[in-house]
Amino acid sequence: MSTPRYRCAACGNLTRFDVVTDRRTRAFHHYSVGGTLTVEEEEVLSEEVVDVQCRWCGHGRSVEILDGADAGTDLDVS
């Protein structure tokens, strides 16, 4: 699954977003004799983005998903 690139049209933010997702996974749970859990071999079965909000201005209505041409790696995000 590819991760989308976001942009806030309200403030221009390209780097900081709060993203809420619903994710369904299958994983092997390995417990030690002492009861310590280690999760191994986790596989994402489905994932849906529920909400995206700009961390800078708080808007969720103004967040856009950038397509491949707009999400180039030459952007200065420092």
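Just so it is clear, none of the values below were taken in a lab; they were calculated from the coordinates. The model shown is predicted, which means the values in this text are computed figures rather than measured ones. Note that each Cβ is placed from the backbone with ideal geometry, even for glycine, and that neighbours are counted across all protein chains shown.
A few remarks follow.
- Sequence-distant residues sharing a close amide H with His59 (under 5 Å, placed H): Cys54
- Gain in span if fully extended, Asp51 to Ala10, counting 0.36 nm per residue against the direct Cα distance: 13.1 nm
- Net charge over other residues, Cβ less than 14 angstrom from the Cβ of Val50 (K, R count +1; D, E count -1): -3
- 14 Å beta-carbon shell around Asp22, net charge (K/R +1, D/E -1): -1
- Protection proxy ranking for 43-53, 6-16, using the average of other Cβ atoms within 10 Å per residue and placing the highest first: 6-16, 43-53.
- The orientation-averaged shadow of the Cα convex hull for the range 5-66, equal to a quarter of the hull surface, comes to 5.8 nm².
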